[in-house]
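Beneath this line is the structure, given in structure tokens, with notes to follow.
The values are calculated or read from the model by the stated rules, or taken from the named source; none is laboratory data. Treat the numbers as computed from the prediction; the structure is a model and nothing was measured. Note that each Cβ is placed from the backbone with ideal geometry, even for glycine, and that neighbours are counted across all protein chains shown.
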Amino acid sequence: MNTALPLMPKATAVWLVDNTSLSFDQIADFCKLHPLEVKAIADGESALTIKGMDPITTGQLTREEIEAAEADPARRLNMADARVRVAVAKRKGPRYTPVSRRQDRPNAILWLLRNHPELKDAQIMRLVGTTKPTIDAIRNRSHWNANNLQPLDPVTLGLCSQIDLDFEVERAAKSSPQREVTEPVGATLLPADQTTTAAAALAAAATRPTVNPEREAEREADAVFAKLKSMNRREEQDEE
């Protein structure tokens with residue numbers, strides 16, 4: 001199994017998805033990503049602003065290794081032997097931003113606040129070389145140019161590298177507490193005997209004729225008068 005990490009994992013995954021017929025599992029194993037994340041890249045749901053990086057030109061893979069993995073889906077990609085050792089520069093203090101790029105920092109800050117709200121202010125400061133008052137002003141829309149700001153990817157603007165952004169996002173995800181997702185409890189169904197009884201009662205009420213109180217009183221009065229008339233007739237017949 002491949003244990004070495006590519007120079008730019010997501011950019012390499014984008015290139016492999018677009019230029020090879022490797023499976024999602026093979027790409028995920030080589031780039032140390034989740035297969036679902038590779039599938040999201042293939043579906044155009046993730047890494048839309050990341051430009052693919054050819055691992056062959058950077059010496060991380062060979063064409064023969066890719067072709068062998070394409071022919072055998074069970075094969076895992078093996079990192080090519082590094083020809084040149086690149087020293088990792090340790091940076092201390094805030095990031096220096098060129099003068100030509102400083103006007104793009106508010107747009108990059110807005111992009112980070114919208115797409116990665118889990119990032120802390122200190123992490124945003126490290127990524128784009130800004131200050132906390134500037135971040136607060138953009139977050140509260142009190143920045144002097146708030147109406148004209150547009151969210152732009154800091155990697156595309158050249159303010160930070162994709163590796164630095166991925167590192168800070170992963171670090172923020174590990175430090176933030178996991179939220180428990182609770183499914184809302186919907187209305188439960190009543191027992192069948194209750195529903196059938198209620199339905200029968202409603203049907204009987206609907207078919208039962210409505211009684212008019214005034215009409216009923218008239219009928220009772222007519223019945224009383226008819227009874228009195230019959231009694232009078234009987235008395236007359238007895239007298240005769």
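Scanning region 141-180 for residues that are within 14 Å of LEU112 (Cα to Cα), outside any helix (DSSP H, G or I) and not small (Gly, Ala, Ser) returns LEU149, GLN150, PRO151, LEU152, ASP153, LEU159, CYS160. Beta carbons closer than 9 Å, at least 6 apart along the sequence or on distinct chains, pair a first residue in region 123-144 that is more than 24 Å from LYS174 (Cβ to Cβ) with a second that is surrounded by fewer than 13 Cβ atoms within 10 Å (Cβ to Cβ) and hydrophobic (A, V, I, L, M, F, W, C) for ALA137/TRP144.
Based on what the data block shows, is ALA28 in contact with a His (Cβ under 9 Å, 6 or more places away or on another chain), hydrophobic (A, V, I, L, M, F, W, C), under 24 Å from ASP164 (Cβ atoms) and surrounded by 15 or more Cβ atoms within 10 Å (Cβ to Cβ)? In short, yes. Looking across region 2-49, the residues that are aliphatic (A, V, I, L, M), within 13 Å of GLN60 (Cα to Cα) and either in contact with a Ser or Thr (Cβ under 6 Å, 6 or more places away or on another chain) or not in a helix (DSSP H, G or I) (or both) come down to ALA4, LEU5, LEU7, MET8. Of GLU37, GLU45, all but one fail to be of a type in the set (D, E, K, R), more than 23 Å from ASP72 (Cα to Cα) and surrounded by fewer than 20 Cβ atoms within 10 Å (Cβ to Cβ); the exception is GLU45.
Counting only residues that are outside any helix (DSSP H, G or I) and at pLDDT 90 or above, which one in region 65-75 is surrounded by the fewest Cβ atoms within 10 Å (Cβ to Cβ)? Steps first, please.
Of the residues in region 65-75, the ones outside any helix (DSSP H, G or I) are 72-75.
If we keep only those that are at pLDDT 90 or above too, we end up with 72, 74-75.
On the way: ASP72: 10, ALA74: 8, ARG75: 14.
Ranking the qualifying residues of region 65-75, first place goes to ALA74.
Within region 1-36, the residues that satisfy the criterion of being free of Cβ contacts under 8 Å to residues at least 24 places away in the same chain and within 20 Å of the chain's Cα centre (by Cα) are HIS34, PRO35, LEU36. Quick one: would you say ALA80 is surrounded by 14 or more Cβ atoms within 10 Å (Cβ to Cβ), in a loop (DSSP other than H, G, I, E, B), among the aliphatic types (A, V, I, L, M) and at pLDDT below 90? Yes; evaluated as a whole, the condition is true for this residue.
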